[in-house]
Amino acid sequence: MVTLPVPAGTTEPSLEKYMAVLGIPLGCSTLSDARRQFGGTVVHNGQDAAGSKMNLCYRGEDGTVLLFGCWECGGSKSDAMEANLRGDEFWLATSLARIELGGAPDFNPSCTTTRRVSRATAVGSLRVGMARSAVVRVLGKPARETDGELAYEDGARRLTVRFENDRVVSIYAARWWE
């Protein structure tokens, strides 16, 4: 069993190690960093009225999807790629349909295919396909829980794990900025 460190003054484990995927940490990496590591892809504007939400989408050969997001990126697609825009969130999911796209049901980006993304991709010690009981053993009691979701919080960090038939179908990590 993995025991997460508990930050001073809290009872919740630190989520810091879950704020990175495949060497791309949230908060200090840019969309350009992700693009350099995974290859060419299209930057998709969407999910908000101002068009300031930008996403990069990658799909593994097994259908697994990794989507990086940046809120309040602003500017054009080329500006978003070249500016030092921190990545705010990512999703790792068994398919694009498993990603909660926050009020944009018609948002359907084309995803660049890569062998680097698969069901074996880890977010900390989490993977899609894991049993719900294994997630609870690793992360402990969530801040919020429903039949289909466990949500963890650590200050500005959020981690949401979604399930179908008690198996992980998506992992969402976000670092919110004040």
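Annotations for the structure displayed:
- Of the listed requirements (1) at pLDDT below 95; (2) assigned to a loop (DSSP other than H, G, I, E, B), residue 92 misses just one: (2).
- In the set 127, 119, 157, only one residue is surrounded by fewer than 17 Cβ atoms within 10 Å (Cβ to Cβ) and touching a residue at least 12 places away in the same chain (Cβ under 8 Å); that residue is 119.
- Members of the range 46-66 found to be modelled with pLDDT under 70 and within 19 Å of residue 172 (Cα to Cα), listed by number: 46, 47, 48
- In the range 130-149, the residues that are farther than 22 Å from residue 23 by Cβ and crowded, with 21+ Cβ neighbours inside 10 Å: 135
- The range 19-30 residues that are in contact (Cβ under 8 Å) with a residue 12 or more places away in the chain, paired with ones that are among the β-branched types (Val, Ile, Thr) (beta carbon under 6 Å, 6 or more apart): 21/123
The values are calculated or read from the model by the stated rules, or taken from the named source; none is laboratory data. Since we're looking at a predicted model, the values are computed, not measured. Cβ sites come from the backbone with ideal geometry, for glycine too, and all protein chains shown count toward neighbours.
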